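What follows is a set of notes on a single structure, which appears directly below.
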Amino acid sequence: MNDWLRHVFAPENVDQTVAGLVASQGDSGGVPSERARLKNKLADAETRLSKFQAAIEAGVNPAAMVEAINTAQSERAALKAELDHAPTPSTYTDAEVYAMIDSLGDLGKDISKAKPERLASIYESVDLHVQFEHATRAAYATIHPVGRVDSARVRGGT
């Protein structure tokens, strides 16, 4: 694992690593984001309100629709408020990812001399995940260092 990390963060491989990390930001694995889920629920509430309005225009007694309309309006208001306060997805530029990688220091040097406590810190700083498949005796490693570094070091003139 340490050899792989040394390879990924070696100066001659940083350009490829940055390109891979930047490209991976849009990949959510097909799982909708929280904002997308909220937008879908909001659209559903608004569709129901439109249907209720159409029913009233078609001659349905408005008094019979009051509870359903109130419920849909309440859901819509709550969803709008939740959406207004939901975090916006952030993406990082190449320059920001380079700065984040730079802030990790010389991982090759650190890993070579690291004690177990320091290795754990390094693994945490790059958000290392390893999945071992017993049947094939293969380990699959992924890293997600983007967003793990203090953003104060990324902003400004760098």
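The values are calculated or read from the model by the stated rules, or taken from the named source; none is laboratory data. The model shown is predicted, which means the values in this text are computed figures rather than measured ones. Note that each Cβ is placed from the backbone with ideal geometry, even for glycine, and that neighbours are counted across all protein chains shown. The area values use the complete protein model at the heavy-atom level, side chains included, leaving out ligands, DNA and RNA. Shrake-Rupley method; radii C 1.70, N 1.55, O 1.52, S 1.80 Å.
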For S74, the accessible surface traced by a 1.4 Å probe with all protein chains present amounts, in square angstrom to the nearest 10, to 70 Å²
With every protein chain in place, the accessible area of E117 for a 1.4 Å probe, in Å² rounded to the nearest 10, comes to 130 Å²
In whole Å, largest first, the alpha carbons of the stretch 1-87 cover along the principal axes 73, 21, 19
Among S74, V126, T91, the residue whose Cα sits farthest towards the positive end of the charge dipole of the stretch 58-129 (+1 at Cβ of Lys and Arg, -1 at Cβ of Asp and Glu, taken about the Cα centre) is V126
Rounded to the nearest 10 Å², the 1.4 Å probe accessible area of V66 is 70 Å²
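If we count every other residue with Cβ under 14 angstrom of E46's Cβ, Lys/Arg +1 and Asp/Glu -1, where does the sum land?
On the way: positive: K39, K41, R48, K51, R76, K80; negative: D44, E75.
Counting the neighbours of E46, the net charge comes to +4.
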Lys and Arg at +1, Asp and Glu at -1: neighbours of R6 with Cβ under 15 Å from its Cβ sum to -1
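May I ask you to compute the full-extension gain from I56 to R118, defined as 0.36 nm times their residue separation minus their alpha-carbon distance, rounded to one decimal in nm?
Here the answer is 15.5 nm.
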Straight-line reach check, K80, cutoff 19 Å on alpha carbons, 8 or more apart in-chain or any other chain, hits among aspartates and glutamates -> E34, D44, E46
Straight-line reach check, K115, cutoff 25 Å on alpha carbons, 8 or more apart in-chain or any other chain, hits among lysines -> none
Taking a straight Cα-to-Cα line shorter than 18 Å from K51, and setting aside same-chain lysines fewer than 8 residues away, one finds K41
Answer in debye to the nearest 20: the dipole magnitude of the stretch 42-134 about its Cα centre, from +1 Lys/Arg and -1 Asp/Glu charges placed on Cβ, is 140 debye
